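Below is one structure, written out as structure tokens; comments come after it.
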Amino acid sequence: MEITRFNCRWIVRMIALLMVAATAAGCSDWERAGQPVTAPQSRVAISMVINDLGMEFPDGSDENDNPYINYIKERTGLDLQVNIPPQEVYEEKLNVIMASGNLPDLIHTFNPVWFDEYVKKGAFMPLDDYINEFGQDLKELIPDEAWDRMRYDGKIYGIPSLTDVQGIELMYVRKDWLDNLGLQPPKTLDEYDKVMRAFAKEDPDRNGLNDTMGLILLEDMGRAAPFFGAFGVQLNSWVARGVKLVNGSTLPETKQALSFLAKLYQEGVVDPEFPLNRNNAFIEKIENGKVGMFSATWYDTRGPIAASKKKDPKAEWIPLEYPVGPEGQSGVYNKDLIRGYNVVPVGKKHPEEVVKLLNFIVGEGRETLKLGFEGEIWSMENGKMVTNFDEHDKHLYRGIYQSLVDVIDPAMAKARLDSLGDFHLYDNLQMIEHNLIKNEFYGIPTPAMSKYAGHLAELERIFTQIVMGIVPLDSFDTFVDEWYREGGEEVTAEVNQWYEARLSAGGRR
């Protein structure tokens, strides 16, 4: 049904596009968009500073001259000028721009602290009136919860971009190894323990060598979220305990999870090199058939899992239910609802045009900017969307513009992800979405967070030492004392001040 609704919307919009195209000498949108657009003098000039997301433009294109920015210019009637500071110094460049007095019409940031700081300085325009008049799609597609977080003293100072992927990790296992050992897919933590030990000790790949591991992790306890979830916690995620919020890294349940992982490590079940596993080494071990189980990202089926199957056609990977712990708990961390912030500096003459631009990106232009041009990036075959991978990958840069205002659209997400091949990408996201352990704090990082975050993260390095047996398990209690004494108490007080204010204000600042 979701795909049907997607197709219906697509057909209606395509008819509208064709009607417009008929008035332009019969030239299709994507063909016209491929040509540079010369803005008439009457067009309003809008300058914007945005992030390139690490994307690259094809040869002969740049941020101000490519098919997608030309498509936006043509459809909005705006003369757009795009400035992309280097990603590694993006925040510093934004500060320089704010101090220069030569301000663009639109600034996009991913940093909530930066947004909060400049709102409090009175640097941005309130946008309520413009959104009400020119932002109908924005109002319809962005939920109240997100708008609430854009408000200061009752007024909206930013237009949010949402996180369309709500979680990242889920468990995958080599089914062929399970079959070789006569084992069933595990569900409980005890069953996981049994399978991981068998993978490490009983030659699951039947090559006669002791060269397999039961579980692989990343450095700094990366890809361990499902095992903490089995005890009802997530690292650095705030959970309710009574009427207060408490940081998950400090809870006794985290100590239990570390104890479980430490036993596996010290008995040779976990990859002994995990503290050194950066992403490339982690992926290489999966591809080379050394790993039978790991916490995958939702897109790893198109990455290391696909590479593993290509290298060994017998490799059969299946998703698992999350491990259920002794108290019946399971799950993984969730991503924050808001990914980015769009703001208009005070004194700019055309805030209404900025709102119209963002409304176009989230509304009429969303399908083209999200999916690419139909007939070039994708096409419909037998009622299904099919993607041309070469063109898709070549034009990923369109996300630079589309992600300015992203929204949650399950129908479009399913159509897009299914078109990429039989990688179960949408199914993976659905499984994750149904097993999230919500972070109860989602406000702007507090002053103490900004002050102590780096140091508190350093203190957590002891978790790896506990798992490796370098320090005893009871070192966790010392860590908790230090965490509170060296900034955590102040952070917790501010988080609970936010929590109490939100509860008493019915969800608004």
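Annotation: aspartates and glutamates with alpha-carbon distance below 15 angstrom to K349 (same-chain offsets under eight excluded): D79, D105, D129.
Between S450 and K311, residue separation times 0.36 nm minus the direct Cα-Cα distance comes to 45.5 nm.
Protein-only accessible surface at a 1.4 angstrom probe places the residues K309, K194, K349, K285 in the order K349, K194, K309, K285, largest first. Note on R398: accessible area is roughly 10 Å² with a 1.4 Å probe, heavy atoms of protein only.
With 21 Å as the limit on Cα-Cα distance, the pairs of K311/K384; K290/K310; K370/K414; K285/K309; K348/K370 that go past it are K311/K384; K348/K370. Taking other residues whose beta carbon is less than 11 angstrom from the beta carbon of F294, and scoring Lys, Arg as +1 and Asp, Glu as -1, yields +1. Normalised by 2.2 N^0.38 Å, where N is the number of residues, the alpha-carbon radius of gyration of the chain equals 1.07.
If both residues of a DSSP beta bridge must be in the chain, then about 65% of such bridges are antiparallel.
If you model the range 384-509 as an ellipsoid using its alpha carbon gyration tensor, with each semi-axis the square root of five times an eigenvalue, the axes come out at 40, 23, 15 Å, biggest first. Based on Cα contacts under 8 Å between residues 6+ apart, the range 45-170 shows a relative contact order of 24 percent. For helix 489-504, report the angle its Cα long axis makes with the longest principal axis of the Cα atoms of the chain; keep it between 0 and 90° and round to the nearest 10°. Value to nearest ten degrees: 60. Taking all protein chains together, E367, E316, E486 sort by accessible area into E316, E486, E367, largest first [probe 1.4 Å]. What the Cα convex hull of the range 326-405 gives, in volume per residue, is 195 Å³. Take the alpha carbon gyration tensor of the range 430-470, find the square roots of its eigenvalues, order them as a ≥ b ≥ c, and report rounded if a/c is under 1.5; if not, report prolate when a/b exceeds b/c, else oblate. In terms of gyration-tensor shape, oblate.
List residues of the range 108-128, by number, whose backbone nitrogen lies under 12 Å from a label position 7 Å along Cα→C-beta of D153. Residues 119-124, 126 fall inside that zone. Counting only heavy atoms of the protein chains and using a 1.4 Å probe, H434 has close to 130 Å² of accessible surface. Got a number for carbon plus sulfur as a percent of the range 184-249's accessible area, 1.4 Å probe? Carbon plus sulfur share of accessible area: 49 percent. Note on D62/E490: beta-carbon distance plugged into 1/(1 + (r/R0)^6) with R0 of 41 Å gives a FRET efficiency of 0.35. Taking 7 Å along the Cα-to-C-beta vector as the label spot, tell me the K201-A45 distance in nanometres, rounded to one decimal. With each label placed 7 Å out from Cα toward Cβ, I get 7.3 nm. Axis of helix 2-22 versus longest Cα principal axis of the chain: the two differ by about 30°, to the nearest ten degrees.
Summing charges over all other residues whose Cβ lies under 10 Å from the Cβ of S47, with Lys and Arg as +1 and Asp and Glu as -1, gives -1. On C-alpha positions alone, give me the angle between the axis of helix 252-266 and the longest principal axis of the chain, in degrees, nearest 10. Long axis of 252-266 versus the principal axis of the chain: about 60 degrees. Note down the relative contact order for the range 40-92 as a percent, whole number, built from C-alpha pairs under 8 angstrom at least six residues apart. Answer for the range 40-92 is 55 percent. Taking a sphere under 11 Å around the Cβ of E352 and counting the other residues whose Cβ falls inside, with K and R at +1 and D and E at -1, yields a net charge of -1.
The values are calculated or read from the model by the stated rules, or taken from the named source; none is laboratory data. Since this is a predicted model, take the numbers as computed values, not measurements. Glycine also receives a Cβ, built like all others from the backbone with ideal geometry; neighbour counts cover every protein chain displayed. Only protein heavy atoms, including side chains, enter the accessible area calculation; ligands, DNA and RNA are left aside. Shrake-Rupley method; radii C 1.70, N 1.55, O 1.52, S 1.80 Å.
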